[in-house]
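Asks: Handing you a structure now.
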Amino acid sequence: MLASLSAQSARQLESVVRERCRSGSLDLTEAVQLFTALLRVENPKPSISSFNFLLTTIAQMKHPHSFPTVISLFGRLNQAKATDTFGVVMDCCCRAHQVDLAFGLLSQMIKGGVNLNDMIFGTLIKGLCAEKRVGAEVLFNKIPSMGCSPNVIVFNTLIKGLCNVGELALAINLYKMMTNVGGRCTPSVFTYTILINGLCKHGDVETAYKLFEEMNVWGIYPNVITYSNLINGLCKIGDLLKAFKLFDEMIASGIAPNVVIYNVLIDGLCKMGESDKASELFKKMACQGLVPNTFNYTTLIDGYCKKGDLMKVSELLQEMIDKGMKPNVFTYRCIIHASSSIGKLDDAIEIFHKMVKNGASPNDINFSALMDSLCKHGRTREAHKFLYLMEKKEERS
C-alpha cells in the first residue's frame with residue numbers, strides 16, 4: 001500500500017489522508033505509513049495541514065505507543081512546522097503528563113520565529129493545571145510580553161485550574177479582569193459555570209448564587225450544567241427552597257432537567273428526612289421520560305434506610321432487579337447497615353449473601369458493618385466467619 005500511495009500526487013494523497021483520519025478506523029500502523037508516504041512526496045510538497053491531521057488522529061488514539069509515535073513523526077517532518085503543528089504535539093505532551101517537553105517545544109518555536117497564539121498558551125496552562133503545578137498564573141501574565149493576548153478560552157482554562165486547587169480569590173480576580181477587558185475576553189456561560197462549580201465545591205454557595213444572578217445582567221443564559229452545579233451546592237447546605245426555585249426556573253426557561261439534577265434534589269430531600277417527597281420526585285423523573293439509573297435508586301434506597309422503612313427499601317431493591325439494573329456495593333451497604341442498626345441481623349446476612357450471588361463484590365465497609373453488628377449482639381462466631389471471608393478476599397485480590 002505504501003509504495004502505491006507514494007507514487008500518487010500530493011493532492012490525491014492528501015485526500016486519502018483526510019478520508020482515513022475522518023473514518024474512525026485508522027490504526028497506528030496505517031497512520032505511520034500514510035505519514036511516511038506524505039514525507040516522500042515532492043513537487044509540490046503536501047500541505048502542513050495534512051501532517052497535522054495525522055498527528056492529531058494518532059494523538060487521540062487509545063494506543064500505548066501513540067505519544068512516542070507523535071514525537072517521533074514530528075521529528076521526521078522535513079518542512080517548516082506551523083504553529084498548529086506545534087500545538088498538536090504540545091497538547092499530546094500535556095495529555096501524556098510531559099509538560100516539560102511541551103515547554104521545550106515552546107522554546108523551539110521562539111528560537112525558530114514561529115508565531116505564538118492563544119491555543120499554544122491555553123494548552124500549556126491546561127497542562128500545568130492538570131498536574132497541579134505552579135507556574136500557570138506566571139505564564140498567563142507573560143502572554144502579553146510574548147506578543148499575544150489571552151482570549152476567553154485561556155481565561156477559562158486558568159480559572160478552572162485555580163478553582164480545582166481552591167484558589168478562588170485569584171479565580172474571581174481573573175473573572176473581574178475579563179469583565180473589565182470585554183471583547184474577546186467577555187465571560188461566557190462556561191466561565192460562570194466553572195466559577196459556580198468551584199465556589200459550591202468549596203462551600204461558598206452565597207457567592208456562587210450572586211454570580212448566577214450576574215449572568216442575567218450580562219445577558220448570558222445558564223445551561224443545564226450551570227443549574228446542576230448551583231442546585232447541588234444549595235442542596236448541600238440544606239437550602240432546598242432556593243434549590244427547587246431554581247429547578248422551577250430552569251424548567252420555565254425551557255431547559256429540561258437531567259437525571260443528575262433529579263438525583264441531587266432526591267438526595268437533598270432524603271437528607272432532610274423527606275423520603276416520601278423524594279419518592280414523588282423520583283416518579284416525576286420517570287414520567288418525564290428519564291430512565292432512573294442505579295445511582296438514582298441507591299440514593300432513594302439510602303433515604304428510606306435512614307428512615308428505617310425497610311419494607312419500602314425491599315420494594316425499591318426488587319424494582320431495580322426487575323428492571324434489569326444491578327444494585328452495587330453502595331446499594332447493599334445502605335441496606336446492610338440499616339438492617340443491622342435495628343437488630344435485623346438475619347436480614348442483613350441474607351442481603352449480604354444476595355449481594356455476592358448477584359455479582360457485587362463486597363468491600364471492607366460491607367464486611368465491617370456486618371461484623372460490628374454481629375459482635376454487638378454477641379454473635380462473635382458468625383462475625384469470625386465473615387472476618388475469614390474478608391481475609392480470603394484480600395488474599396485473592
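The values are calculated or read from the model by the stated rules, or taken from the named source; none is laboratory data. Everything quoted here is computed from the prediction, not taken from an experiment. Cβ atoms come from the backbone with ideal geometry, glycine included; neighbour counts cover every protein chain shown. SASA here: full protein model, heavy atoms, side chains in, ligands and nucleic acids out. Shrake-Rupley method; radii C 1.70, N 1.55, O 1.52, S 1.80 Å.
Asks: Out of all the residues in the range 364-378, which are under 35 Å from the mean Cα position of the chain (by Cα) and either open to solvent by 40 Å² or more (accessible area, probe 1.4 Å) or aromatic (Phe, Trp, Tyr) (or both)?
Replies: If the condition is that a residue be under 35 Å from the mean Cα position of the chain (by Cα) and either open to solvent by 40 Å² or more (accessible area, probe 1.4 Å) or aromatic (Phe, Trp, Tyr) (or both), then 364, 365, 367, 368 are the ones that fit.
Asks: Regarding the range 23-43, can at least one residue be identified that is open to solvent by 60 Å² or more (accessible area, probe 1.4 Å) and at pLDDT below 85?
Replies: Within the range 23-43, one or more residues are open to solvent by 60 Å² or more (accessible area, probe 1.4 Å) and at pLDDT below 85.
Asks: Quick one: residue 359 ticks every box in (1) open to solvent by 60 Å² or more (accessible area, probe 1.4 Å); (2) in contact (Cβ under 8 Å) with a residue 12 or more places away in the chain; (3) in a helix (DSSP H, G or I); (4) not charged (D, E, K, R) except a single one, so which number is it?
Replies: Exception for residue 359: condition (3).
Asks: Next up: Residues of the range 386-397 being over 21 Å from residue 331 (Cβ atoms) and either at pLDDT 85 or above or surrounded by 13 or more Cβ atoms within 10 Å (Cβ to Cβ) (or both), which ones?
Replies: Of everything in the range 386-397, just one residue is over 21 Å from residue 331 (Cβ atoms) and either at pLDDT 85 or above or surrounded by 13 or more Cβ atoms within 10 Å (Cβ to Cβ) (or both), namely 387.
Asks: When only residues in the range 68-103 that are closer than 25 Å to residue 29 by Cβ and touching a Cys at 6+ places or on another chain (Cβ under 6 Å) count, which is surrounded by the fewest Cβ atoms within 10 Å (Cβ to Cβ)?
Replies: Within the range 68-103, the match that is surrounded by the fewest Cβ atoms within 10 Å (Cβ to Cβ) is 101.
Asks: From the residues in the range 215-238 that are over 18 Å from residue 260 (Cα atoms) and in contact (Cβ under 8 Å) with a residue 12 or more places away in the chain, which one is least open to solvent (accessible area, probe 1.4 Å)?
Replies: Among them, the one singled out is 215.
Asks: How many residues, within the range 369-384, are part of a helix (DSSP H, G or I) and more than 29 Å from residue 322 (Cα to Cα)?
Replies: Residues in the range 369-384 being part of a helix (DSSP H, G or I) and more than 29 Å from residue 322 (Cα to Cα): 11 in total.
Asks: Any residue that is in a loop (DSSP other than H, G, I, E, B), at pLDDT below 85, open to solvent by 40 Å² or more (accessible area, probe 1.4 Å) and under 25 Å from residue 312 (Cα atoms) - is there at least one of those in the range 330-342?
Replies: The answer is yes, given that some residue of the range 330-342 is in a loop (DSSP other than H, G, I, E, B), at pLDDT below 85, open to solvent by 40 Å² or more (accessible area, probe 1.4 Å) and under 25 Å from residue 312 (Cα atoms).
Asks: Follow-up question, since we're still on this one. Any idea which of 104, 87, 127, 122 is small (Gly, Ala, Ser), outside any loop (DSSP other than H, G, I, E, B) and free of Cβ contacts under 8 Å to residues at least 12 places away in the same chain?
Replies: Step by step, each of 104, 87, 127, 122 is checked, and only 104 is small (Gly, Ala, Ser), outside any loop (DSSP other than H, G, I, E, B) and free of Cβ contacts under 8 Å to residues at least 12 places away in the same chain.
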